[in-house]
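Reviewing the structure listed below.
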Amino acid sequence: MPESYWQRSSFCAGGGNNCVEVAAVEGTDIAIRESESPERIVTTNRAVLRALVSAVKAGGAGLV
């Protein structure tokens, strides 16, 4: 996947290698990686990512 597709979080620590990055993939899939280890990519769909972000914003309730 070309580097231009990856977007960094707005909370990235000064643009270094301590960032969560996401990229849209075919269909409704989303790829997620940590900038420190860009070769490790996890894919999910938009609904699951939305639920994860909502849970984190709510203080981690329901995350195990």
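Across the range 1-16, which residue is modelled with the highest pLDDT among those that are of a type outside the set (K, R) and open to solvent by 100 Å² or more (accessible area, probe 1.4 Å)?
Filtering the range 1-16 down to residues of a type outside the set (K, R) leaves 1-7, 9-16.
Still in the list and also open to solvent by 100 Å² or more (accessible area, probe 1.4 Å): 1, 3-5, 7, 10-11.
Values: M1: 58, E3: 59, S4: 59, Y5: 85, Q7: 89, S10: 76, F11: 74.
Restricting to residues being of a type outside the set (K, R) and open to solvent by 100 Å² or more (accessible area, probe 1.4 Å), the top hit is Q7.
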Next on the checklist: Pairs needed: first member in the range 26-41, closer than 17 Å to S9 by Cβ and modelled with pLDDT of 85 or more; second member anywhere, assigned to a strand (DSSP E or B) and among the polar types (S, T, N, Q); C-beta distance under 7 Å; at least 6 residues apart or different chains.
Outcome noted: I30/T43; I30/T44; I30/N45; A31/T43; I32/T44
Checklist entry - Across the range 17-64, what is the total count of residues that are among the hydroxyl-bearing types (S, T, Y) and either touching a Ser or Thr at 6+ places or on another chain (Cβ under 9 Å) or in a strand (DSSP E or B) (or both)? => result 3
Checklist entry - Inside the range 25-37, can you point out the residues that are in contact with a Phe, Trp or Tyr (Cβ under 9 Å, 6 or more places away or on another chain) and either charged (D, E, K, R) or surrounded by fewer than 13 Cβ atoms within 10 Å (Cβ to Cβ) (or both)? => result R33
Next on the checklist: Cβ-Cβ under 7 Å, sequence separation 6+ or interchain: first residue in the range 49-64 and at pLDDT 85 or above, partner surrounded by 12 or more Cβ atoms within 10 Å (Cβ to Cβ). Which pairs?
Outcome noted: L49/I30
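The values are calculated or read from the model by the stated rules, or taken from the named source; none is laboratory data. All of these numbers come straight from a predicted model, not from anything done at the bench. All Cβ positions, even for glycine, are placed from backbone atoms using ideal geometry, and neighbour counts span all protein chains on display. Ligands, DNA and RNA are excluded from the accessible area calculation, which covers all protein heavy atoms including side chains. Shrake-Rupley method; radii C 1.70, N 1.55, O 1.52, S 1.80 Å.
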